[in-house]
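Enquirer: Before anything else, here's the structure in question.
Just so it is clear, none of the values below were taken in a lab; they were calculated from the coordinates. Quick caveat, the model's predicted, so the values are computed rather than measured. Cβ: placed from backbone, ideal geometry, glycine included. Neighbour counts: every protein chain shown.
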Amino acid sequence: MSNEAVAAVEKALSLLDCFQPGKESLSLALRARTTGIPVTTVYGLMNSLKRKCYVGTSSR
């Protein structure tokens, strides 16, 4: 696996770490600040995670 692919997996896992049972969902901007990942990257990764059913949408 290339270094870029490994970095993408690490970023996606960092985003998944933001989810905690019983805690309110974080906005994309707050996830970006929490993880240090740019908002546009967070947006793309969250869409990929959603497509693969790792995350869902909130009815905020």
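Enquirer: I need every pair where a residue in segment 10-33 that is without any contact (Cβ under 8 Å) to a residue 24 or more places away in the chain has its Cβ under 7 Å from the Cβ of a residue that is of a type in the set (F, W, Y) and surrounded by 12 or more Cβ atoms within 10 Å (Cβ to Cβ), sequence separation at least 6 or different chains.
Expert: L28/Y43
Enquirer: In segment 18-38, is there at least one residue being touching a Pro at 6+ places or on another chain (Cβ under 9 Å), assigned to a helix (DSSP H, G or I) and not β-branched (V, I, T)?
Expert: As a first pass, look at segment 18-38 and keep what is touching a Pro at 6+ places or on another chain (Cβ under 9 Å): 32.
Those still in the list that are assigned to a helix (DSSP H, G or I) too: 32.
If we keep only those that are not β-branched (V, I, T) as well, we get 32.
Checked segment 18-38: at least one residue is touching a Pro at 6+ places or on another chain (Cβ under 9 Å), assigned to a helix (DSSP H, G or I) and not β-branched (V, I, T).
Enquirer: May I ask you to list the residues in segment 39-60 that are surrounded by 10 or more Cβ atoms within 10 Å (Cβ to Cβ) and not in a helix (DSSP H, G or I)? Reasoning before the result, please.
Expert: Pass one, segment 39-60, residues surrounded by 10 or more Cβ atoms within 10 Å (Cβ to Cβ): 39-50, 54-55.
Those that are surrounded by 10 or more Cβ atoms within 10 Å (Cβ to Cβ) and not in a helix (DSSP H, G or I): Y54, V55.
Enquirer: Also, I was wondering about something else. Mind checking which residues of segment 6-39 are in contact with a helix residue (DSSP H, G or I) (Cβ under 9 Å, 6 or more places away or on another chain) and among the β-branched types (V, I, T)?
Expert: Correct list: T34, T35, I37, V39.
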